[in-house]
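Read through the structure below, which is laid out as structure tokens, and then see the notes.
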Amino acid sequence: MRPLNRVASAAGGSFATRFFSLGGFRGEEKELRDMSFCRKLRYNKLYKGGITLDKKTDAKRIEELRDLIDEHNYYYHVLDSPRISDREFDRLMRELLELEEMHPDLVVPHSPSRRVGGKPVSEFEEARHAVPMLSLDNVFSETELEEFCRRAGRNLGRDHFSLVGEPKIDGLAVSLYYEGGVFHRGATRGDGYTGEDITHNLVTIGSLPLRLKEEVTIEARGEVFISRENFLKLNRAREKESLPLFANPRNAAAGSLRQLDPAVAAKRPLDMFVFSLLDLEGELGLQSQWQALQRLQGLGFKVNPHVSLLQGISEALEYCRGLEERRRELSYEIDGAVLKVNEFELQRSLGFTSRAPRWAVAYKFSSEEQLTRIEDIQVSVGRTGVITPVALLEPVFLSGSLVKRASLHNLQLMEEKDVKIGDRVVLHKAGDVIPEVVEVLHKERDGNEKHFQMPPHCPSCCSELKNLPGEVAIRCINPACPAQVVERIIHFASRSAMDIAGLGEALAAQLYETGLVRDVGDLYSLRKSDLVNLERMGEKSAENLLAALEKSKENPLHRLLFGLSIRFVGERVARIIAAHFNHLQAVAAASCEELLLLEEIGPKIAASVTEFFKQPETGAVLRKLEEAGVNFFEHRPEVAGEEGESLRDRVFVLTGTLQNFTRAEIKEIIEAKGGRVAGSVSRNTDYLLSGDNPGSKLQKAEEWGVKVITESEFQKMADLEP
Ligand code: IVH
């Protein structure tokens, strides 16, 4: 691989030094020798003869150079088969950089000169995804995979359908937006709805095309990764410079993409595979994932060579087995295979669950396992009071980290597995992250093992533990329990909730212990003078924390709702409730019946929400938050007020090509006016907005009796100038 970076060159020695010495080339003898005859002539004219340059000729040459560089970049990074030497390539790039330096007005965003790393950004901008970036459901065995295929077959009402098998790349998901064939914006997945704009870093990746081979408006999604070999080289180089090492290639890729300065990313050997194609303008006429992969490749993207079109379950199983066997031969990490129903029409009819498509699944390869011993079992108290038994283990290395503890989940599961203190156990990492006891080696018992007894009282507040009817979990029901309060503070501040940077476990515990914070409402009355007296808290960190708290006041309601640690209210449910009620007081006043009317809200959630808001403690917290000026709206009235909300709660589905808007624009308009865009027609759809050449959605809308509107009808409805 020929990277665009210095670290890799320094690390490996075998890398070419593209862009290595860009700094001081002007006027150097060697550079002059390397220049083409024409360039030399121009150089001499400019620097020695003082004659003005012919801008038109330069503009032409710049275009030529960009085409040449793009072409050779593609041969090198995407096809892995260079046609010119590194030296020749460097020369082209230098010539371009030099010309662009002379004519800054001729610089364009898609110029390959951007790849060397442009200006640093001061912070990451938020990037909303036009279509949510969902994750995949996992299966862990062949039986589960067969079950997935059968279920899909049943739902489709057919025995046979084709699938696409792809390696599941262990990297970082990114979305890449191209307008008219030019790369405009790239973002991380974030929470699936909003990610971070990392365009400045993505342009440095050699295998990412800045211009496509057709002028299409699309979003491509894929995975950025670092190969195993490059990861080792990178770490070796860091070791030499006494820099902290990356734990694994995935972390190294993630760390590189989260840099403010693109020059740093440009030095990292980042690579990518692309596997999803969103046809934003409905112009590509794609009918299947297999076609999408081919089209992506044709547009100039790097598509994984181990993808395969499969007919039925047995071929799918065969594919997974084969890939798992060859896993180690690949130069990059994969953690499974992804199986996708091939035809888009079938994908549409299978639809989505709240977090993942029903037409795709990740077949996870078995992860590494280790033997160890349970030295003790203790209990931990969660933010909603659930008591979890935790095994304290003889420390052991597993998939790249030292593991000392593993959750045993609950008493019922412990009994099923028959776990005792002193047992030898097999440990693995669930989803390659969370350590889990998979098996107890009962035969290795010597009689000294001890039975674990659940304590009758909470280890934190000593109140009596309860096993509430209908629940497996044992709980501490004292809402003022210190352990629960600390866990709630940690959760409130976490990234998916209020995202208060700098407020982690240790600080949350300190804030509670010092009496500064007794509930999450108190966080907003913290002063700098309170904070600077805390351990490990300097003036700068105190200021940063206060700034993060201030910023968090602007979060939309769903983050706040999720952050309040209401039982059974996860991120998804918080979004549904917030979208419907729009204001926290309306949620607090909602009855069980009202909540039950919402899609996906069942009796358990409805009861938990109403119970939560009945508590006097909740009232006290809400008052503090309100006084501090924390936003209680999902959409603020000034953005989406009475008037602006002309599409409130209306669900739209789009089909065909629109004349005046891109899909992303339409979506933005609908959402700004309180409506929602869904991917497929269902009984919940209010309108199908149909453009030219509508797809099968039109027929479906007619079947369901969904109102079909034209673009100009939509414009009137949305109060837009026709
Ligand atoms: S498809 C809606 N295909 O795995 C389905 N994902 O667990 C979108 N991933 O966030 C994902 N290789 O970043 C798909 N060949 C592949 C993949 C892949 C890696 C990642 C992806 C996603 C995660 C889902």
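FYI, it's all coordinate maths here, none of it is from the lab. What you are looking at is a predicted structure, and each value in this text was computed from that prediction instead of being measured. With ideal geometry, Cβ positions are generated from the backbone for all residues, glycine too; neighbour counts draw on all protein chains shown.
Gly336's amide H: which non-local residues (gap 5+, or another chain) put their own amide H closer than 5 Å, with H modeled 1.01 Å from N in plane and none for Pro or chain starts?
Lys168, Phe365
Report, in degrees rounded to the nearest 10, the 0 to 90 angle that the Cα long axis of helix 142-156 makes with the longest principal axis of the chain.
Its long axis makes an angle of about 80 degrees.
With the cut-off at 27 Å, tell me which of the pairs Lys551/Lys624; Lys267/Lys302; Lys213/Lys716 have Cα atoms farther apart than that.
Lys213/Lys716
Relative to the first principal axis of the alpha-carbon coordinates of the chain, what is the inclination of helix 55-73, with its axis defined by its Cα atoms, in degrees from 0 to 90 and to the nearest 10?
The helix 55-73 is inclined about 50 degrees to the chain.
Quick one: order Thr514, Thr217 by neighbouring beta-carbon count within 10 Å, fewest to most.
Thr514, Thr217
How much length is gained if the chain between Gln615 and Ala506 is pulled fully straight, taking 0.36 nm per residue apart and subtracting their Cα-Cα distance, in nm to one decimal?
Result for the pair: 36.4 nm of gain on full extension.
Return the distance in nm (one decimal) between the two label points of a simple spin-label model at Arg683 and Phe365, each offset 7 Å from Cα along Cα→Cβ.
Those two pseudo-labels are separated by 4.5 nm.
State which entries of Lys667/Lys700; Lys364/Lys697; Lys528/Lys614 exceed 25 angstrom in Cα-Cα distance in the structure shown.
The pairs that break the limit, which is 25 Å between Cα atoms, are Lys364/Lys697; Lys528/Lys614.
For n ≥ 4 DSSP H runs only, could you compute -39500 (n - 2.57) per run for the chain, divide by its residues and tell me the 222 nm figure to the nearest 500?
Mean residue ellipticity, 222 nm, calculated: -10500 deg cm²/dmol.
When only alpha-carbon atoms count, how far does region 317-434 stretch along each of its three principal axes, as whole angstroms with the largest first?
Principal extents (Cα only, largest first): 52, 39, 24 Å.
By how many nm would the segment from Gln291 to Thr194 lengthen if fully extended, with 0.36 nm per residue of separation less the alpha-carbon distance?
32.1 nm
Can you sort Leu468, Leu172 so the residue with the fewest Cβ neighbours within 10 Å comes first?
With the sparsest Cβ surroundings first, the list reads Leu468, Leu172.
At most 10 other Cβ atoms within 10 Å and a DSSP loop assignment: could you name the GluC sites (Glu not before Pro) in region 529-579 that fit?
Passing sites in region 529-579 are Glu535.
Report the calculated FRET efficiency for Ile434 and Ser591 (r = Cβ-Cβ distance, R0 = 22 Å), to the nearest 0.05.
0.05
If you rank Leu350, Leu564 by fewest surrounding Cβ atoms within 10 Å, what's the result?
By the 10 Å Cβ count, ascending: Leu350, Leu564.
Residue separation times 0.36 nm, minus the C-alpha to C-alpha distance between Ser81 and Lys443: what's the value?
So the extension gain works out to 124.7 nm.
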